[in-house]
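Chemist: First the structure, then my questions, so here it is.
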Amino acid sequence: MSEPPSDLFRSWVHSYEEDHEDVRVYRPDSHPFPPARGRRGMEFAPDGTFVDHPLGRGDAPDAVPGRWRLVSDRHMALTFGGARPDRELEILRCDEDVLHVRRLTG
């Protein structure tokens, strides 16, 4: 993978019920999730911008802008310009229905 899969460029919501071992599972925001108190998410854009959606006050999603860049095959660096700690992800699977990632740092 010399560039990220085109299916990556959308809004993803954490489907924590499907997490296994150290793999985090995300689904498109249109997925019919079961009720939850709050869900984290993230958005990737082709221009290298990224938005992290941690849980904010009252379990509502927050928005922290950042940038993504491909470090090597399946390895991405996410930077936030000091707004929060940078982190790295390994993309294990990405298609129109699901995103599986492993956090390498952060």
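Chemist: Return the residue satisfying two criteria in turn: it lies in the stretch 76-87 and is farther than 14 Å from residue 44 by Cα and touching a strand residue (DSSP E or B) at 6+ places or on another chain (Cβ under 8 Å), and of such residues it is modelled with the lowest pLDDT.
Modeler: Looking at the filtered set, the residue picked out is 83.
Chemist: Let me ask something additional. Is it the case that the stretch 62-75 has a residue that's more than 18 Å from residue 105 (Cβ to Cβ), of a type outside the set (A, V, I, L, M, F, W, C) and open to solvent by 30 Å² or more (accessible area, probe 1.4 Å)?
Modeler: yes
Chemist: Do we find that residue 13 is loosely packed, with under 15 Cβ neighbours inside 10 Å, assigned to a strand (DSSP E or B) and not charged (D, E, K, R) in this structure?
Modeler: no
Chemist: How many residues are in contact (Cβ under 8 Å) with a residue 24 or more places away in the chain and assigned to a loop (DSSP other than H, G, I, E, B) if we restrict to the stretch 86-106?
Modeler: 5
Chemist: List the number of the failed condition for residue 24; all other conditions in (1) within 18 Å of residue 104 (Cα to Cα); (2) in a helix (DSSP H, G or I) hold.
Modeler: In the conditions (1) within 18 Å of residue 104 (Cα to Cα); (2) in a helix (DSSP H, G or I), residue 24 misses (2) alone.
Chemist: Give 36, 83 a once-over and let me know the one that is touching a Phe, Trp or Tyr at 6+ places or on another chain (Cβ under 9 Å), in a loop (DSSP other than H, G, I, E, B) and open to solvent by 40 Å² or more (accessible area, probe 1.4 Å).
Modeler: 36
Chemist: Quick one: what pairs do we get from the stretch 54-66, first residue under 19 Å from residue 86 (Cα atoms), second at pLDDT below 80 and among the small types (Gly, Ala, Ser), C-beta under 7 Å, 6+ apart or different chains?
Modeler: 62/56; 64/83
The values are calculated or read from the model by the stated rules, or taken from the named source; none is laboratory data. Given the structure is predicted, the values throughout are model-derived calculations rather than measurements. Methodologically, a virtual Cβ is constructed for each residue, glycine included, from the backbone with ideal geometry; neighbour enumeration extends over all protein chains shown. Heads up: the accessible areas ignore ligands, DNA and RNA and are worked out on the full protein's heavy atoms, side chains in. Shrake-Rupley method; radii C 1.70, N 1.55, O 1.52, S 1.80 Å.
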